[in-house]
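One structure is given here, and the rest of the page talks about it.
The values are calculated or read from the model by the stated rules, or taken from the named source; none is laboratory data. The shown structure was predicted, so the numbers you read here are calculated from the model rather than taken from an experiment. Here the Cβ positions follow ideal geometry from the backbone for every residue, glycine too, while neighbour counts run over all protein chains shown. Only protein heavy atoms, including side chains, enter the accessible area calculation; ligands, DNA and RNA are left aside. Shrake-Rupley method; radii C 1.70, N 1.55, O 1.52, S 1.80 Å.
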Amino acid sequence: MKLSRLWMMAAILTFCCWMNVNAQTKQGEFFSSSWIGAGMSTFTGDIEDTKGRFAIALNTEIGYNVTDWFAPSFGLTNTYQSVGYSVINKNLYMDVLSVPLLLNFSAGPVTLKAGIQPDFILTAQMNDISYTDQLKTVSLSAPLALNWNFTTDSDGDLWFVELRYHLGLTKMNKDVMFTNGWRTPGSIRNCVVMLTVGYKCDL
């Protein structure tokens with residue numbers, strides 16, 4: 001994914017949140033939240049000599065406040081990831097679209113989030129060579145997040161920071177990972193950790 005698309009999405013999400021600056025999140029109402037984050041991505045499982053590299057993501061989601069402390073939500077996350085290979089000194093770049101399905105548990109300014117998400121690999125390339133066909137189109141991961149609402153007013157929580165971790169649950173590689181014949185008999189899973197900043201508002 002090109003960075004121009006990332007910043008365009010960020011501008012749209014920021015504008016939507018600004019339009020709802022006086023919104024209030026209450027029990028029995030829907031809410032939306034958006035964030036932008038940066039961190040590190042890597043591979044785990046039956047693979048060696050990989051190094052974590054830069055990752056950046058944008059997210060927007062919708063949820064429903066069942067109570068003042070519990071809310072399910074679903075969203076869309078577009079992540080630009082990279083993984084380094086120390087043996088060949090090259091990086092693999094991936095554009096991934098995820099659909100997080102989360103349960104949100106709030107206590108005061110703190111919110112704990114956990115759930116599951118399908119991850120769709122849109123593109124994967126190394127040195128302008130496509131490796132998209134060597135990866136599975138869809139894999140599953142478990143998103144975990146700790147959210148801190150650091151700005152509040154009379155209408156409720158507004159801006160937040162969040163530490164988020166995506167743990168790969170299913171194999172993302174096919175039997176032959178690379179076109180040079182390097183076989184992957186085991187399971188390679190994705191792993192992403194990032195710090196995000198976002199905004200939550202009532203619909």
**Request:** May I ask you to verify whether residue 127 is of a type outside the set (A, V, I, L, M, F, W, C) and open to solvent by less than 70 Å² (accessible area, probe 1.4 Å)?
**Result:** no
**Message:** Looking only at the range 61-73, filter to residues that are open to solvent by less than 50 Å² (accessible area, probe 1.4 Å) and assigned to a loop (DSSP other than H, G, I, E, B); which one of those is farthest from residue 191 (Cα to Cα)?
**Reply:** 67
**Close pairs (6 angstrom Cβ cut-off, 6 or more residues apart or separate chains): modelled with pLDDT under 85 in the range 129-146, of a type in the set (Lys, Arg) and part of a loop (DSSP other than H, G, I, E, B) anywhere** = 134/174
**Asked** Looking at the range 49-82, which of its residues are touching an Asp or Glu at 6+ places or on another chain (Cβ under 9 Å) and not β-branched (Val, Ile, Thr)?
**Response** 64, 65, 73, 74, 75, 76, 78, 80, 81
**Fill in**
Filtering the range 74-93 down to residues that are open to solvent by less than 60 Å² (accessible area, probe 1.4 Å), free of Cβ contacts under 8 Å to residues at least 60 places away in the same chain and under 20 Å from residue 168 (Cα atoms) yields 75, 77, 82, 83, 84, 85, 91, 92
**Message:** Being open to solvent by 50 Å² or more (accessible area, probe 1.4 Å), at pLDDT 90 or above and assigned to a strand (DSSP E or B) is the filter here; which residues of the range 162-203 pass it?
**Reply:** 163, 165, 167, 193, 195, 197
**Message:** List the residue pairs whose Cβ atoms are under 9 Å apart, where the first residue sits in the range 98-116 and is over 22 Å from residue 57 (Cα atoms), the second is acidic (Asp, Glu), and the two are 6 or more positions apart or on different chains.
**Reply:** 106/68; 106/157; 109/157
**Item:** Members of the range 56-85 found to be among the aromatic types (Phe, Trp, Tyr) and within 16 Å of residue 121 (Cα to Cα), listed by number
**Value:** 80
**Prompt:** What do you reckon, is residue 56 open to solvent by less than 30 Å² (accessible area, probe 1.4 Å) and in contact with a strand residue (DSSP E or B) (Cβ under 9 Å, 6 or more places away or on another chain)?
**Reply:** yes
**Filter result for residue 106 (in contact with a His (Cβ under 9 Å, 6 or more places away or on another chain) and closer than 19 Å to residue 163 by Cα)** = no
**Asked** Taking the range 12-46 as the region of interest, how many residues are at pLDDT 75 or above, open to solvent by less than 80 Å² (accessible area, probe 1.4 Å) and in a loop (DSSP other than H, G, I, E, B)?
**Response** 2
